[in-house]
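The structure under discussion appears below in the form of structure tokens.
The values are calculated or read from the model by the stated rules, or taken from the named source; none is laboratory data. The shown structure was predicted, so the numbers you read here are calculated from the model rather than taken from an experiment. All Cβ positions, glycine included, derive from the backbone under ideal geometry; neighbour counts span all protein chains shown.
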Amino acid sequence: MSAALVEARDLVAHYGTSQVLFGAGLDLRRGEFVTLLGRNGMGKSTLVKVLLGMLPARCGSVRFDGTEISGRPDHENARRGIGLVPEGRGIFPNLSVRENLLATAIERKESTTPWSLTRVHELFPRLQEREKNLGSDLSGGEQQMLAIGRALMTNPKLLILDEATEGLAPLVRREIWLCLQRLKAEGLTMLVIDKNLKPLLHLADRHYVIEKGRMAWSGTSSQLQASPDVMSRYLSL
């Protein structure tokens, strides 16, 4: 079995007539915590959409778990094992917390410790307390916990988090980072987009920096910390 779970190469994508990805690509090895960094509008979410199959690539390749998935629909790729916590959370506001968690649950025979309601409640006890409440009744932090829990209920091989802690209070952000630290310790492969660089430098194995639809830099946390020019040029506001 290949150590690479994701191999994306030479991806080109458009919104209408506007090209937004110019040969972008990345790799994720099994069990890695990898970030995708860059300023707003540089192509981070677009690349995620292409990986998921939500936006077709004009050319390029995406291999997931040894299978070419470029051009496959997003629901099929989700069943293959890609879980998404989208920007804006995307929970079902008219379903209860429990119903949100069960709505997208997928069982995988190969999973030795499958995600269940019990495991999600252990990770986020607040969701058990609020399990009968509608999604629309939850605070922003609770909605983000629910979005993560819902993605985990698909028992993903890869978990993608787009703006994992955006707009959350500091205490809630800390809880989310602790959650991701636990998931990393359990060996879950993750691709994370977030603007809070400090915790990412602590948690991530590697980083990709995207600039105007092209990969501008990649390396480890220690390499990024030793490259203030990279942070200043591509990441500072």
Val209 being surrounded by 14 or more Cβ atoms within 10 Å (Cβ to Cβ) and at pLDDT below 95: no
Within the bounds of region 156-167, is there any residue that is modelled with pLDDT of 95 or more and among the polar types (S, T, N, Q)? no
Within region 33-47, take every residue that is out of contact with any strand residue (DSSP E or B) (no Cβ under 6 Å at 6 or more places or on another chain) and not polar (S, T, N, Q) and give me the one that is farthest from Asp205 (Cα to Cα). Gly41
Enumeration of residues in region 1-24 that are within 10 Å of Gly213 (Cα to Cα) and out of contact with any Leu (no Cβ under 6 Å at 6 or more places or on another chain): Gln19, Val20, Phe22, Gly23
Region 204-229 - residue that is outside any helix (DSSP H, G or I) and of a type in the set (Gly, Ala, Ser) and, of those, nearest to Gln144 (Cα to Cα): Ala204
Within region 87-103, is there a residue that is within 20 Å of the chain's Cα centre (by Cα), closer than 30 Å to Leu224 by Cα, crowded, with 21+ Cβ neighbours inside 10 Å and at pLDDT 95 or above? no
Selection over region 149-203 where residues are under 13 Å from the mean Cα position of the chain (by Cα), assigned to a loop (DSSP other than H, G, I, E, B) and small (Gly, Ala, Ser) yields a count of 1
Might you let me know whether region 76-86 holds any residue that is surrounded by 13 or more Cβ atoms within 10 Å (Cβ to Cβ), at pLDDT 95 or above, more than 21 Å from Leu191 (Cβ to Cβ) and of a type in the set (Val, Ile, Thr)? no
When region 51-87 is examined, which residues are found to be outside any strand (DSSP E or B) and at positive phi? Gly53, Asp65, Gly66, Gly71, Gly81
